[in-house]
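Take a look at the structure set out below.
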Amino acid sequence: ANIEVARILEQARRNNERNDITGVLVLNENYFLQSIEGARPDINNLLKNLIQDDRHFSLQIVECCEVKQRRWNEWSMKYLTLKDEDKDYVLKFSDSNKFNPYLMSTSQIIMFIEALSELQK
């Protein structure tokens, strides 16, 4: 599965660089959480492709908003895996110590993403 993830990631990086999209991908063995930034037409196009990709199950858009400045401008796709030692970190933003975005509220996810962006500095 990790080889598959690495391949998807590499492809995402290339596509995102071409389309001036930046973002972060957080994952464990079961779930992906992604924050992406770019021009509206590029983001809409990317979402269309993600929705049509049959490797994704029950894709949900948590929040869509305009940003004044990019949070991930350094990264065409930053890649973070959540290991067991991150449990405390995940606990801060969810009611479970297992990373599961489906059990997190929108505001918890946004706070989690913001905290991750602080770590990048």
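None of the figures in this text is laboratory data; all of them are computed from the coordinates on show. On a predicted model such as this, the values are computed, not experimentally measured, just so you know. As a convention, Cβ positions derive from the backbone with ideal geometry for all residues, glycine included, and neighbour counts pool all protein chains shown.
Data for the structure
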quantity: The chain: angle of helix 40-52 to the longest principal axis, Cα-based, in degrees nearest 10; calculated: 70
quantity: In the chain, lysine pairs closer than 26 Å at Cα, eight or more apart or cross-chain; calculated: 15
quantity: Expected 222 nm ellipticity per residue - DSSP helices of 4 or more, -39500 (n - 2.57), all of the chain, to 500; calculated: -13500 deg cm²/dmol
quantity: Label point distance in nm, Ser107-Asn30, each placed 7 Å from Cα along Cα→Cβ; calculated: 2.5
quantity: Residues Ser96 and Glu74, FRET efficiency given R0 of 25 Å [Cβ-Cβ distance, rounded to 0.05]; calculated: 0.25
quantity: Separation of the Asn45 and Arg14 label points, Cα + 7 Å toward Cβ, nm; calculated: 1.6
